[in-house]
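In what follows, a structure is listed as structure tokens, so that the remarks can point back to it.
The values are calculated or read from the model by the stated rules, or taken from the named source; none is laboratory data. These numbers were taken from a predicted model, which means no experiment stands behind them. Note: ideal-geometry Cβ built from the backbone for every residue, glycine included; neighbour counts use all protein chains shown. When the accessible area is computed, the model is the full protein with side chains, heavy atoms only, and any ligands, DNA or RNA have been set aside. Shrake-Rupley method; radii C 1.70, N 1.55, O 1.52, S 1.80 Å.
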Amino acid sequence: MHFQALAVAALGSLAVAAPAPTRSSDLVERGSSCTFTSASQASASAKSCSNIVLKNIKVPAGETLDLSKAKDGATITFEGTTSFGYKEWKGPLIRFGGKDITIQQASGAVIDGDGSRWWDGKGTNGGKKKPKFIYAHKLQSSTIKGLHVKNSPVQVFSVQGNDVHLTDITIDNSDGDSNGGHNTDAFDVSESNGVYITGANVKNQDDCLAINSGENIQFTGATCSGGHGISIGSIGGRSSNTVKNVKIADSTVIDSDNGIRIKTISGATGSVSGVTYDNITLKNIKKKGIIIEQDYKNGGPTGKPTTGVPITDLTVSDIKGSVASSATPIYILCGKGACSDWSWSGVSLSGGKSSSKCQNVPSPAAC
Ligand SMILES: *[C@@H]1O[C@H](CO)[C@@H](O)[C@H](O)[C@H]1NC(C)=O
């Protein structure tokens, strides 16, 4: 409420008194280029600038740096350090949206969530209420490139959009490894058509990628370290439960619980089709190298797979590397007939112990 009132007031004063903003130090306007040093000015005035520079913005506690109303075709550039005040709330801390938007950063810039203020080892399961970091929702034909994002309180990017490119993004949450970082998913993708994530470099404590729904999604050239692997799921029980036409390729997963994984919800309905995992290198995977399971419920496996979310037309090729000695290289738990039309080749994982608990594994896949 407070924030909206502020935003409207700022906009009103700009409209009446332009070009002199109420706080001239917050906004430098040259032609169509605007440099902001205050979050409320940036949020309120972004729609009138095609070239937005966000310089050393300190976002006040409990506010969103809201760039979702940016003008079509705008370029948004982060400069210096973007930081955030502390409050226990749901966030997000930053919101992007719009059409033909380019979001980038100047050399050396960092978006620093200083997540340690919220980390308590519980993530979204309890403890402090932690703000989501970056919502890239309602983006259309837009690119986010080269951002360096650090120490997210909890999940980092939530992506919902059409034709959205996330290129060469660095997410470094490694400070959370020994400090209570939890559920720090790097990219959560849902309800999207056309999401292309290339060259991501991620250090975190949960999924490097988690696709909950959507189609035409690519994730390539990534390095994922410290988290839970490259995931599809869990699928089922949401408003949208279809995952279709996904390519995950040319990536490396290191020091993580899992390498690649697909999990669907027990008793739910939906579908996963046309997914390819190709040319993925695994190193030091601690639980499961490849895990595909149809038995997820309330955040954990039941061991009893169901058939309501079939996994069809899956291609797994050239998955190589190693898992830790206590890990399982491959685990597949399908409901009867619920996994079909799989292609499986060039899977070569050393280390660990093979599982005797796989069920309904469709040939030519093997546990
Ligand atoms: C496989 O992925 C790696 C990156 O992990 C890349 O360097 C290599 O070129 C890829 N191989 C092929 C055949 O595309």
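If the cut-off is 16 Å between C-alpha atoms, which aspartates and glutamates fall inside it for residue 99, apart from same-chain ones fewer than 8 positions away?
66, 72, 163
Beyond 35 Å, what share of the Cα-Cα pairs of the chain remains, rounded to the nearest whole percent?
Result: 27 percent of Cα pairs exceed 35 Å.
Which angle from 0 to 90°, rounded to the nearest 10, does the C-alpha axis of helix 2-17 make with the longest principal axis of the chain?
The answer is roughly 40 degrees.
In whole angstrom, how far apart do the alpha carbon centroids of region 309-367 and region 141-157 sit?
Their Cα centres are 31 Å away from one another.
For 196, 277, what's the largest-to-smallest order of accessible area, 1.4 Å probe?
My answer, sorted largest first, is 196, 277.
Say the dipole of region 239-367 comes from +1 at the beta carbon of Lys and Arg and -1 at that of Asp and Glu; which of 312, 347, 265 then lies farthest toward its positive end?
So the residue we want is 265.
Identify all lysines with a Cα-Cα distance to residue 130 below 24 Å; exclude those on the same chain that are fewer than 8 residues away in sequence.
Candidates past the 8-residue exclusion: 58, 87, 90, 122, 138, 150, 203, 297.
With the dipole of region 24-206 worked out from charges on the C-beta (+1 for Lys and Arg, -1 for Asp and Glu) around the Cα centre, which of 111, 73, 59 lies farthest toward the positive end?
59
Report Rg (one decimal) and Dmax (nearest whole number) for region 280-367, counting Cα atoms only, units Å.
Computed over the Cα atoms of region 280-367, radius of gyration and Dmax are 12.8, 34 Å.
Taking only Cα atoms of region 24-206, what ratio of Rg to Rh do you get with Rh as the Kirkwood inverse-distance radius?
0.95
Assigning unit charges at the beta carbon (Lys, Arg +1; Asp, Glu -1) and nothing else, what dipole magnitude in debye, to the nearest 20, does region 239-367 show about its Cα centre?
400 debye
Tell me the per residue accessible area of the chain using a 1.4 Å probe; a whole number in Å² is fine.
Heavy-atom SASA per residue in the chain reads 40 Å².
Under a Cβ-Cβ cut-off of 14 Å, what is the net charge of the residues other than residue 61 that fall near it, where Lys and Arg count +1 and Asp and Glu count -1?
My count for the surroundings of residue 61 gives +4.
Report in % the part of the accessible area of region 24-206 that belongs to carbon and sulfur, leaving out ligands and nucleic acids; probe 1.4 Å.
Heavy-atom surface of region 24-206 belonging to carbon and sulfur, 1.4 Å probe: 41 percent.
Under a Cβ-Cβ cut-off of 14 Å, what is the net charge of the residues other than residue 344 that fall near it, where Lys and Arg count +1 and Asp and Glu count -1?
-3
Going by average Cβ density within 10 Å per residue, which order do the peptides 297-310, 202-215, 254-267 take, highest to lowest?
The densest-packed peptide leads the list: 202-215, 254-267, 297-310.
When the dipole is taken about the Cα centre of region 107-168, and only Lys, Arg (+1) and Asp, Glu (-1) are charged at their Cβ, what size is it in debye, to the nearest 20?
The dipole of region 107-168 has a size of about 320 debye.
What do you get when you divide the Cα radius of gyration of region 73-177 by 2.2 N^0.38 Å, with N the number of residues?
After normalising by residue count via 2.2 N^0.38 Å, the value is 1.07.
Provide Rg and Dmax in Å for region 144-288, with only Cα atoms included in the calculation.
Rg, Dmax (Cα atoms, Å): 14.0, 40.
How large is Rg/Rh for region 208-367, to two decimals, with Cα atoms and a Kirkwood Rh?
0.93
Please give me the summed charge of the neighbours of residue 333: other residues whose Cβ is under 11 Å from its Cβ, Lys and Arg +1, Asp and Glu -1.
+2
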